[in-house]
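All of the numbers you see were taken from the coordinates with simple rules; none came from a lab. Predicted, not measured: the structure shown is a model, and the values here were computed from it. FYI the Cβ positions are ideal-geometry reconstructions off the backbone, even for glycines, and counts take in every protein chain you see.
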Amino acid sequence: GEDVEQSLFLSVREGDSSVINCTYTDSSSTYLYWYKQEPGAGLQLLTYIFSNMDMKQDQRLTVLLNKKDKHLSLRIADTQTGDSAIYFCAENRSGGSYIPTFGRGTSLIVHP
Amino acid sequence: DGGITQSPKYLFRKEGQNVTLSCEQNLNHDAMYWYRQDPGQGLRLIYYSQIVNDFQKGDIAEGYSVSREKKESFPLTVTSAQKNPTAFYLCASSHQGTTNEKLFFGSGTQLSVL
């Protein structure tokens with residue numbers, strides 16, 4: 001199976017909160033990341049969380065980590081049309097190189 | 001401004017042809033990466049390099065080749081052996097040597113087959 005799993009689509013109304021979920025498999029991952037990709041562009045790091053934390057807040061973004069269930073979520077408060085993008089969850093692989101492994105990405109669609 | 005530059009933005013390949021995608025960074029990063037993105041399949045690692053003159057295969061290296069002669073540059077060649085090359089290719093770079101590898105991405109190259 002995949003190392004990192006995400007649902008493919010999420011549709012929300014402008015002004016509502018969005019919650020994007022992710023599950024990962026490597027229990028020894030030390031950092032977990034959320035990246036954003038706008039159409040036709042590269043990925044941009046949004047936020048990350050260290051594995052000994054269970055929550056991190058950064059303005060409209062809240063990351064929750066349940067290490068026991070290997071579950072990561074990204075909550076976007078007051079979602080705007082500019083938040084429409086693909087959101088990728090990533091974990092760093094254990095071992096020497098710590099190269100992030102990415103999920104398939106969740107397409108967030110924000111409608112008026 | 002520091003950043004990572006990919007060129008060209010769009011590239012077309014004829015059957016049997018090799019094509020090379022350019023990636024340059026001025027962030028003084030040690031590590032560089034190439035990913036392939038297909039719709040609904042996320043990012044798959046092709047090759048990575050942690051130091052000049054050294055590189056390692058990723059998950060889907062077959063049909064691709066790279067070089068790392070300079071710290072700033074990590075070109076990717078898509079060879080004729082790659083039978084399904086149509087995809088969006090992303091180059092990235094990072095500092096190396098920590099457990100928190102934050103990647104900086106270029107804006108990508110869309111490769112299509114004629």
- Message: With just the Cα atoms defining each centre, how far is segment B:1-73 from segment A:6-33? Give it in Å.
- Response: 27
- Of A:Gln59, A:Leu46, B:Pro85, farthest towards positive along the dipole that unit charges on Lys, Arg, Asp, Glu beta carbons give the protein assembly as shown: B:Pro85
- Note on the structure: extent check for the protein assembly as shown: Cα max minus min per principal axis, descending, whole Å, gives 49, 40, 39
- Between the residues B:Ser112, A:Ser17, B:Leu43, the Cα farthest towards the positive end of the dipole of the protein assembly as shown, that dipole coming from +1 and -1 charges on the beta-carbon of Lys, Arg, Asp and Glu, is from B:Ser112
- Query: Within a Cβ distance under 11 Å of B:Arg68, other residues only, what is the Lys/Arg minus Asp/Glu net charge?
  - Reply: -2
- Task: Treat every Asp and Glu Cβ in chain A as -1 and every Lys and Arg Cβ as +1, leave all other atoms uncharged, and give the resulting dipole magnitude about the Cα centre to the nearest 20 debye.
- Result: 160
- Item | Residue list for segment A:98-112, given a label point 7 angstrom along the Cα-to-Cβ vector of B:Asp38 and an amide N cut-off under 17 Å | A:102-105
- Message: If I model a spin label at A:Arg13 and A:Gln80 as a point 7 Å from the Cα along the Cα→Cβ vector, what separation in nanometres do I get?
- Response: 2.0
- Task: Determine by what factor the alpha-carbon radius of gyration of chain A differs from 2.2 N^0.38 Å, reporting the quotient.
- Result: 1.02
- Using a Förster distance of 22 angstrom, determine the FRET efficiency expected from the C-beta separation of B:Ser80 and B:Ile60, and round it to 0.05. 0.85
- 19 Å Cα-Cα reach of B:Lys102 towards lysines, excluding residues that sit fewer than 8 places from it in its own chain: A:Lys36, A:Lys56, B:Lys71
- In Å and from the alpha-carbon atoms only, list the Rg and Dmax of segment B:50-108. 12.7, 37
- Item | Pair A:Lys68, B:Asn100: separation of 7 Å Cα→Cβ label points (nm) | 2.7
